[in-house]
Amino acid sequence: MSKPLDSRTFRQILGQYPTGVSVVAAEVNGEIHGMTVNALTSLSLNPMMMLLCVDKRAKMADFIQQAQGFSINILRREQEALSTYFAGGWKQEKAPPFRFMEWTGGPRLEGCLAAVGCRTKQIIEGGDHWIVLGEVVALHIGIEPRSPLLFHGGMYRKIDFKDGIPAPELDLGKTDVRVFYDPWDEA
């Protein structure tokens, strides 16, 4: 069933794509600023680069532009409160406990599942967001268990690790492209 082209429907449809949840942090003038982000992806392996999107209206948009780099802190399932806090949805008077640690990749959130430190390479305008490209300068992987916090359909979710199967290794450049042709539109 087709849906109307409006921002609410667009957001609802993209909410069907499960994502991880992270806190992006940047240090500006000796202060650390963080924001919950799930609009991010790896961009390149050589050189290692990340891509993230920040709403132009977000305070973090200014901080990202002022900082020379940023960290991407992937949250654990148990860090849902931090996601809510850094998204600006925290309703309690006292913030949930957290601490940023000094790290070569920028401010790293203590206890995170994993972290990627980036030096800002480029910031590109993309509609109502800034597209931020970062060159990876540091990597961190947290301790076991490694259960990520997920977001799907407007709700936090978790992975059931019982049903996993290995994905195939990609053999880039050697595997033939598969083409499917369906002449359904021919009369």
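The values are calculated or read from the model by the stated rules, or taken from the named source; none is laboratory data. Everything numeric in this text was worked out from a predicted model, so none of it was measured. Here Cβ is always computed from backbone atoms with ideal geometry, including for glycine, and neighbour counts include all displayed protein chains.
Keeping to the range 91-112, report how many residues are at pLDDT below 95 and among the aromatic types (Phe, Trp, Tyr).
Qualifying residue count, the range 91-112: 0.
Select from the range 18-36 the residues that are surrounded by 10 or more Cβ atoms within 10 Å (Cβ to Cβ) and either over 18 Å from residue 51 (Cα atoms) or free of Cβ contacts under 8 Å to residues at least 12 places away in the same chain (or both) and list them in ascending order.
Those that are surrounded by 10 or more Cβ atoms within 10 Å (Cβ to Cβ) and either over 18 Å from residue 51 (Cα atoms) or free of Cβ contacts under 8 Å to residues at least 12 places away in the same chain (or both): 27, 28, 32, 33.
In this structure, is residue 2 without any contact (Cβ under 8 Å) to a residue 60 or more places away in the chain, loosely packed, with under 13 Cβ neighbours inside 10 Å and either within 21 Å of residue 116 (Cα to Cα) or in contact with a Ser or Thr (Cβ under 6 Å, 6 or more places away or on another chain) (or both)? Explain how you work it out, then say what you get.
On the way: without any contact (Cβ under 8 Å) to a residue 60 or more places away in the chain: yes; loosely packed, with under 13 Cβ neighbours inside 10 Å: yes; either within 21 Å of residue 116 (Cα to Cα) or in contact with a Ser or Thr (Cβ under 6 Å, 6 or more places away or on another chain) (or both): no.
So residue 2 does not fit the description; no.
Need the failing condition index for residue 39 against (1) surrounded by fewer than 20 Cβ atoms within 10 Å (Cβ to Cβ); (2) among the aliphatic types (A, V, I, L, M); (3) within 11 Å of the chain's Cα centre (by Cα); (4) closer than 16 Å to residue 119 by Cα, just the number.
In the conditions (1) surrounded by fewer than 20 Cβ atoms within 10 Å (Cβ to Cβ); (2) among the aliphatic types (A, V, I, L, M); (3) within 11 Å of the chain's Cα centre (by Cα); (4) closer than 16 Å to residue 119 by Cα, residue 39 misses (4) alone.
Restricting to the range 39-51, name every residue that is touching a residue at least 24 places away in the same chain (Cβ under 8 Å) and either in contact with a helix residue (DSSP H, G or I) (Cβ under 9 Å, 6 or more places away or on another chain) or over 25 Å from residue 146 (Cα atoms) (or both).
Residue satisfying the conditions is 47 alone.
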